[in-house]
Amino acid sequence: MSETPMPGSAKPAGGTTPTLVSVPGSVVGGVVATAAATVVASTVANNSNNTGGNPNGSSTVAAASQAEPDMKGWLLKWTNYLKGYQKRWFVLSKGVLSYYRSKGTMMQCLRAPRSPTRLVPSSLPDSNSNSSNALMKKHSKKLKKNQAEMAHTCRGTISLHGALIHTVDSCTFVISNGGTQTFHIKAANEVERQSWVTALELAKAKAIRAMESDEEEEDNTANTIPSEELNLVVRELTVRLENLKTCYDLITKHGAALQRALSELETGDDLANKTKIVSERATLFRISSNAMINACSDYLQTAQTQGHKWSKMLQHERDQKLHLEEMVEQLARQHSHLEQAATRHRPNATTSASDDEDNEFYDAQEEGGSVTLQEDSSFILNIPVTTHHNHRRNSNDATGSSSEGEEGNSETQQVLVVAENLDNMDVTDRISVHSSQALTPTLSNHSKVVRKRRTRVTDKPNYPLNLWSIIKNCIGKDLSKIPMPVNFNEPLSMLQRLTEDFEYAEILDKAAQAKDTCEQLAYVTAFTVSSYSTTSNRTGKPFNPLLGETYECDRTEDLGWRCINEQVSHHPPMAAQYCEGRGWRCWQEFTMTSKFRGKYIQIVPLGYTHVEFPATGNKYTWRKVTTTVHNIIVGKLWVDNHGDMEIFGEGSAKGVKCHLKYLPYSYFTRDTQRRVKGVVMDNSNQVKWVINGTWDSKIEIAPVTSTSGSMENPVYKTGNYKTAWTRRMPPPDSDKYYNFTLLACQLNEPEPNVAPTDSRLRPDQRLMEDGKWNESNQEKLRLEECQRARRRQREAEAETAASDGRPYPPYEPIWFGKEKEEGTDQLVHVYKGTYWDSKAKQEWSKCPTIF
């Protein structure tokens, strides 16, 4: 790219043109404005300190060229359904893709002041230095103004280190960071599209490598010096110190000899010979002194070299200590506040505290303590009023996929649900006998002999671990990138945890038999809630799957379903799943964003889950709610699920929807803890079914029998409730083996004829299950390093392809392929339908070697 001098620049006295360039680039955090300020200041300083020419001009050019964008140009970007695709100026620089309304707006922010620039050499009188200082201040002030203007005019950015880049057609491609931001971009032709995609892939690889290099440097600075390096430094300093002692002895020896020779010189006898002796002794003393000086210099240099590293480490430890003290102090205040509040409130108190109280560190109630009370059958629910025609597209826009997209309607409608007189019937009396029988799995073929499976795993060993030594350097980082030892894990991978969603798949069997679409959606809603039942007492972290890792679970003989999972992306981590059962099929693309905040870990799932009933063509889509793990530092770990869930009908069920609310845990509320409540509405927005219960116990559903009240605040009366789902409690001694349910104990059981990439064959996970945690930690490090080596190889091949001007194909999963989702431009991973045939033939030639 050509470098254009900024307007108004003048040549210095020596005739060398100052290197002032206009640099269009990323505007995230004012990066370009800061780079331009550096160029101006560097140029003024170089010309002020050098008469005549500019010997440092080449370094200034290099610094300026580093701020040049990797790629820039006009592209069409999708804005919204009213405006469609609009022309935008895109800039790719330093691993960030930015876009602007116009090229001129961005260039104007980078343009230098139009007043003539006078550069004064240092050989001029001191009086002219004031004009140089004034010039620098003027440039600085102008650039600060430009920086603010650039931040205002930039319409949106995406950081590429965790982005997904999809090619839609010959001219269109999509770039997304996993769900919170998405750009739909169209190029003029296929060549231009491929140029941008290649540049984006290359920038992504560089951004990932730079991010990991920064993290490694940070970890090396923060961590304690390894014992080998420490011993080496101590040995080197000891050798230097011994040299100092030797030089000291020599100086003492030769100094005493010189002193004696000088004393003998005073006697006056044989003066010539004694003078010669004094000269020799003085030479030896001088040599010893020089050796002493050199030894002191070596010792000082070694100490200073290590001292800088130690001072940084010491400062880091001080900062961490202060942060920990602040956290402990905050915990103490919250504990005191809780004790005072507990004395004022009782469990059945008539008043409750504000919802804004900070209850993050309060211990949750014991397992099974939440029971749906009869008076809880009546409740008030705020339902969002939406006017979107395509919820998938707009759900992304609402979270920031486009700064130009119109935000969704945030208005809500308040509805009151009232249960009719149930004649004081007991909760168990209201359960439908037919629906409770549906909770018991039935065999698809009674003549088959069902395989006998294990009912528990090896007990969890008790290994002590310093928690703070692990987490002190992880605050603020993504949970999936924290190198945690297996001591915090459970012997299951994330792919196996996703399979646990189908522990209560018999609810979908019941939904497939429902004739009414709204009733069917009510059962589907109960199924979505059942997937959270194991989170109430499962605080272990599953193993992060390796890229290409798979997991199959074929329970057709006893439970009536089978599923296949595959890890399809590493940056960001993403898993694809497909499951089929009796009259239904379910699939999802699961990824998440997670942050460790010191006090708690928050996991926000991204991606959507779908279930379809082929007999009727009804299809339903939803996204999971937020999960928070509390009391990371102090207290007993406990998990809470909270947020709003929207389940939308598609296909033959289009227009039917369910709004479900997971109430956050609160110590002071009168409501039942872990409560879930919601309503199912038909395509005319009339409430037809009511959902009520808790996510750790059971869900009840009831039809709406009558409606009263106004249009803005309707009142719905319900008939008798029936239980759609009841949790099967784990064995009493399950706390000895990770609080696993019966299905969880069987997920990692060895299985014959599985793919070589199956999670059951992962060695570190198997060693942990067998209780060999030290060996498991070593194996885990080996597998992660092998995965990093494979990724570096792919990045090197991509860079080579980019330098040769040819496209480099991205990683392709084995059992899932990218397809354009119906009704949107989103590319999702769809099951190819070949896994079970390959298993029958034992054809695994496409599987990579990852273990």
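The values are calculated or read from the model by the stated rules, or taken from the named source; none is laboratory data. As the structure is a prediction and not an experimental result, all values here were calculated from the model. Here Cβ is always computed from backbone atoms with ideal geometry, including for glycine, and neighbour counts include all displayed protein chains. Each accessible area value is taken on the protein alone, full model and side chains, heavy atoms only, with ligands, DNA and RNA left out. Shrake-Rupley method; radii C 1.70, N 1.55, O 1.52, S 1.80 Å.
Tabulated data
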item: Criterion violated by Ala755 - all others in (1) assigned to a loop (DSSP other than H, G, I, E, B); (2) farther than 20 Å from Arg675 by Cα; (3) open to solvent by 10 Å² or more (accessible area, probe 1.4 Å) satisfied; result: (3)
item: Residue count, the stretch 249-269 (criterion: among the acidic types (Asp, Glu) and surrounded by 12 or more Cβ atoms within 10 Å (Cβ to Cβ)); result: 1
item: Filter result for Glu557 (surrounded by fewer than 20 Cβ atoms within 10 Å (Cβ to Cβ) and of a type in the set (D, E, K, R)); result: yes
item: Restricting the stretch 145-196 to residues that are open to solvent by 50 Å² or more (accessible area, probe 1.4 Å) and of a type in the set (D, E, K, R), the residue that is modelled with the highest pLDDT; result: Lys186
item: Failed item, numbered, when Ser530 is tested on (1) modelled with pLDDT under 90; (2) among the polar types (S, T, N, Q); (3) over 20 Å from the mean Cα position of the chain (by Cα); result: (1)
item: Close pairs from the stretch 540-563: first small (Gly, Ala, Ser), partner open to solvent by less than 20 Å² (accessible area, probe 1.4 Å) and modelled with pLDDT of 95 or more, Cβ under 6 Å, at least 6 apart; result: Gly548/Thr757
item: Test set (1) more than 25 Å from His610 (Cα to Cα); (2) open to solvent by 30 Å² or more (accessible area, probe 1.4 Å) - Gly771 fails condition number; result: (2)
item: Residues of the stretch 715-726 classified as open to solvent by 20 Å² or more (accessible area, probe 1.4 Å) and either assigned to a loop (DSSP other than H, G, I, E, B) or under 11 Å from Val417 (Cα atoms) (or both), total; result: 3
item: Criterion (under 15 Å from Leu743 (Cβ atoms) and buried (at least 20 other Cβ atoms within 10 Å of the Cβ)) met by exactly one of Glu500, Glu549, Glu566; result: Glu500
item: All positions within the stretch 794-808 that are in a helix (DSSP H, G or I) and farther than 15 Å from His571 by Cα; result: Ala796, Glu797, Ala798, Glu799, Thr800, Ala801, Ala802, Ser803
item: Selection count, the stretch 615-646, where residues are among the charged types (D, E, K, R), part of a loop (DSSP other than H, G, I, E, B) and under 20 Å from Lys541 (Cα atoms); result: 2
item: Tally of residues being over 23 Å from Leu202 (Cα atoms), at pLDDT 85 or above and not in a loop (DSSP other than H, G, I, E, B) across the stretch 820-832; result: 2
